[in-house]
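Notes follow once the structure below has been shown.
Quick note: the coordinates plus some simple rules give every number you see, no bench work behind them. Keep in mind that this is a model prediction, so the values were computed, not measured. Cβ placement follows ideal geometry from the backbone for every residue including glycine, while neighbour counts extend to all protein chains displayed.
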Amino acid sequence: MSGFDPGWLALREPADHAARAPSLFAETVAAAGDRPTVVDLGCGTGSNLRALAPRLPPAQRWRLVDHDPALLALAAAGAPEGTERIAADLRDIDALPLDGATLVTAAALFDLVSAAWFDRFAKRLAAARLPLYAVLTYDGNTTWTPAHPLDPVMIRALNDHQRTDKGFGPALGPDATVHMRQSLESYGCEVRTADSPWTLTGADAALVMATSAGYARSAVELGAVSVAEAEAWLAFRRATAVSGEMLVGHTDLLVFPGHCC
């Protein structure tokens, strides 16, 4: 289980915040309660906290959970008083600090885990009758404008790469939301989802290029394109980054504890 570059997390944070589905965001604030205790799994540099904390009641407490102490330190900077930093291996589901929580959150996490991991997590979540707010789960859909003949190859390669082991076993990747819904509903949970795509324009050219470079790396690594083809495709993307557009599909998910078995 490798860490994420803080620079990448900072670059994507504005797009992440803009993409959140407003309806589920509002319902999550209500579900957290009057004195929320929020457990943020795989917190990274604290993007979930920065998005949610201003909307929650003042008497809020946070448990930031990540395996990377450096990211935890960044996440805790400016956090509400009493925020806990917990360095933990997310693979150990029984050890996740969920006791006493009123809300569990995670951003861009569950497409990295395996089906077996999520099924165990869903069982614990349902047993504890906890709400879950999971945002920005990749759904496998990407489009660039203008288009390029290699775009479909790059998307297929990225989606195949997303399904490789990220430390939890074979990852769910773009199949994550479908599996999450099925798993949670099997435990009697009510699950709501809403689309939360990145809609990137010329103002987001740096993020467009950083994201596109990840697609190209995946395609080269899997042998879907040659290095020369990847470089030519990236040159096209660079030339059109300011005038074009990129959409990356994500899904937000909210699970209501009152409907869990």
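Kindly establish whether residue 163 is of a type in the set (Lys, Arg) and touching a residue at least 40 places away in the same chain (Cβ under 8 Å). Spelling it out, it is not the case that residue 163 is of a type in the set (Lys, Arg) and touching a residue at least 40 places away in the same chain (Cβ under 8 Å). Taken over segment 167-215, the residue count meeting the criterion of being more than 15 Å from residue 119 (Cα to Cα) and of a type in the set (Val, Ile, Thr) is 5.
Mind listing whichever residues of segment 183-205 are surrounded by 14 or more Cβ atoms within 10 Å (Cβ to Cβ) and not small (Gly, Ala, Ser)? If you could, list the steps in order and put the result at the bottom.
Quick first cut of segment 183-205, residues surrounded by 14 or more Cβ atoms within 10 Å (Cβ to Cβ) only: 183-185, 187, 189, 191-194, 196-198, 200-201, 204-205.
Passing the criteria: 184, 185, 187, 189, 191, 192, 193, 197, 198, 200, 201, 204.
Taking the stated definitions as given, is residue 116 in contact (Cβ under 8 Å) with a residue 40 or more places away in the chain, loosely packed, with under 15 Cβ neighbours inside 10 Å and more than 30 Å from residue 229 (Cβ to Cβ)? Yes; evaluated as a whole, the condition is true for this residue. Name the pairs: first residue in segment 130-153 and in contact (Cβ under 8 Å) with a residue 40 or more places away in the chain and within 20 Å of residue 179 (Cα to Cα), second residue part of a loop (DSSP other than H, G, I, E, B) and aromatic (Phe, Trp, Tyr), Cβ to Cβ under 9 Å, at least 6 apart or on different chains? Taking only residues 6 or more apart or on different chains, the pairs are 134/110; 137/110.
Taking the criterion of being among the hydrophobic types (A, V, I, L, M, F, W, C), closer than 21 Å to residue 221 by Cα and surrounded by fewer than 23 Cβ atoms within 10 Å (Cβ to Cβ), the residues of segment 121-159 that qualify are 150, 153, 155.
What do you reckon, is residue 30 touching a residue at least 60 places away in the same chain (Cβ under 8 Å), assigned to a helix (DSSP H, G or I) and among the small types (Gly, Ala, Ser)?
Answer is no for this residue.
Of 19, 26, 31, 53, all but one fail to be aliphatic (A, V, I, L, M), surrounded by fewer than 22 Cβ atoms within 10 Å (Cβ to Cβ) and closer than 26 Å to residue 210 by Cα; the exception is 19.
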